[in-house]
Every structure is written in C-alpha cells, then in structure tokens.
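A.B. asks: If you scroll down you'll find the structure; I have some questions about it.
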Amino acid sequence: MVCLGNICRSPLAEGILQSKLPNNKFLVDSAGTGAWHSGELPDKRSITIAKKYGIDLTNQRARQFTTADFEEFDYIYVMDESNYKNVIQLAKSDEEKQKVDLILNVDSTTKNQEVPDPYYGGDDGFEQVYQLLDKACNKIADNLKSK
C-alpha cells in the first residue's frame, strides 16, 4: 500500500487489509513515495478512524518505498496517479510494473479513481477514505484468499 507520506491513506489500507487476512499467510505493509515522515506514527486522524472500526495502527511506522519492495511484494497498490507515476519510475522491468495498480481499480465501480488525500481536510475526509479503502480491501482479501 503506497501513498505520498505513509501517514494517512496507506497506513489505513495496510491496517484494513491486515484485519481481513490471516496474518500467518500474508504480509501486508505500506510505504510512502516521500521520506518526510519516516519513522513516525500514522496521522492521529487515521489512527482514530481505524480504532473506530476496531483496527490498531499504532504498531506502524512510516517508511519510504524502495526498489526492494518490488522483490518483496506480489501486489503494490497505490492511492493516486502521482503515487503510481513515482512507483513506476522505480521499476526495473515490465514484470515489476505489472505489480503496480491504483487500489480502487480492484472494483469496476471505482475504476481509475483516486483515493483522495485527507491530510489537509477534516475528519470527514478520513471517514470517506476509510470507506473507500474498506470496500477495496474486501475485494483484495477475497481475491487473495481464493488463490
């Protein structure tokens, strides 16, 4: 799960997907395309909205996406077009590029839509982001568990 700073959207996506999958069979992680917040907890508003739905994000720390993530992960879901371009630029092969997709593309009703960045908005934005990611993560989890 990748967003810009790895403190709002991608930590939520990580926590939501982890809550839907058996921990002993799947590795879910998140990162940011930038390193501004490396080592920090997710945004307090992300922590609060996740807690509202029974998900704890306080064990997460922000980190920057690296080329090693292409080797570590089978799927790389990004939150918006800017994240997509930044991650694709780091790919060394078509195989690596094929691992990357907008997270909302997993659902035909949200194809090619972006997860809005709630950072500069109010709490309502975090609720909206949670709902979008929860729906997408349901599809991802169902897909992964059926393989």
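The values are calculated or read from the model by the stated rules, or taken from the named source; none is laboratory data. No experiment lies behind these values; they were computed from the predicted model shown. Every residue, glycine among them, receives a Cβ derived from its backbone with ideal geometry; neighbour counts consider all protein chains shown. Surface accessibility is based on the protein's heavy atoms, side chains included, excluding ligands, DNA and RNA. Shrake-Rupley method; radii C 1.70, N 1.55, O 1.52, S 1.80 Å.
A.B. asks: Considering only region 70-89, state which residues are free of Cβ contacts under 8 Å to residues at least 40 places away in the same chain and either among the polar types (S, T, N, Q) or buried (at least 17 other Cβ atoms within 10 Å of the Cβ) (or both). Steps first, please.
C.D. replies: Start the filter on region 70-89 by keeping residues that are free of Cβ contacts under 8 Å to residues at least 40 places away in the same chain, which leaves 70-71, 74, 81, 84-85, 88-89.
Hits for region 70-89 are Phe70, Tyr84, Gln89.
A.B. asks: Follow-up question, since we're still on this one. Can you confirm whether region 60-69 contains a residue that is open to solvent by less than 20 Å² (accessible area, probe 1.4 Å), more than 19 Å from Lys135 (Cβ to Cβ), of a type in the set (S, T, N, Q) and at pLDDT 95 or above?
C.D. replies: yes
A.B. asks: Which pairs do you get when a residue that is acidic (Asp, Glu), found in region 92-107, comes within reach of a residue that is open to solvent by 80 Å² or more (accessible area, probe 1.4 Å), reach meaning Cβ atoms under 8 angstrom, with the pair 6+ apart or on two chains?
C.D. replies: Asp101/Tyr75; Asp107/Lys135; Asp107/Lys139
A.B. asks: Follow-up. Take Thr33 and decide whether it is crowded, with 21+ Cβ neighbours inside 10 Å, farther than 19 Å from Gln131 by Cβ, touching a helix residue (DSSP H, G or I) at 6+ places or on another chain (Cβ under 6 Å) and not small (Gly, Ala, Ser). Working first, answer last.
C.D. replies: On the way: crowded, with 21+ Cβ neighbours inside 10 Å: yes; farther than 19 Å from Gln131 by Cβ: yes; touching a helix residue (DSSP H, G or I) at 6+ places or on another chain (Cβ under 6 Å): yes; not small (Gly, Ala, Ser): yes.
Yes: the conditions hold for Thr33.
A.B. asks: Restricting to region 40-49, name every residue that is open to solvent by 50 Å² or more (accessible area, probe 1.4 Å) and in a loop (DSSP other than H, G, I, E, B).
C.D. replies: Hits for region 40-49 are Glu40, Leu41.
A.B. asks: Looking only at residues that are in contact with a helix residue (DSSP H, G or I) (Cβ under 7 Å, 6 or more places away or on another chain) and among the charged types (D, E, K, R) in region 101-125, which one is least open to solvent (accessible area, probe 1.4 Å)?
C.D. replies: Of the residues in region 101-125, the ones in contact with a helix residue (DSSP H, G or I) (Cβ under 7 Å, 6 or more places away or on another chain) are 102-104, 106-107, 110-118, 123.
Cutting the leftovers down to among the charged types (D, E, K, R) gives us 107, 111, 114, 117, 123.
Details: Asp107: 11, Lys111: 108, Glu114: 89, Asp117: 76, Asp123: 109 Å².
Checked region 101-125; the qualifying residue least open to solvent (accessible area, probe 1.4 Å) is Asp107.
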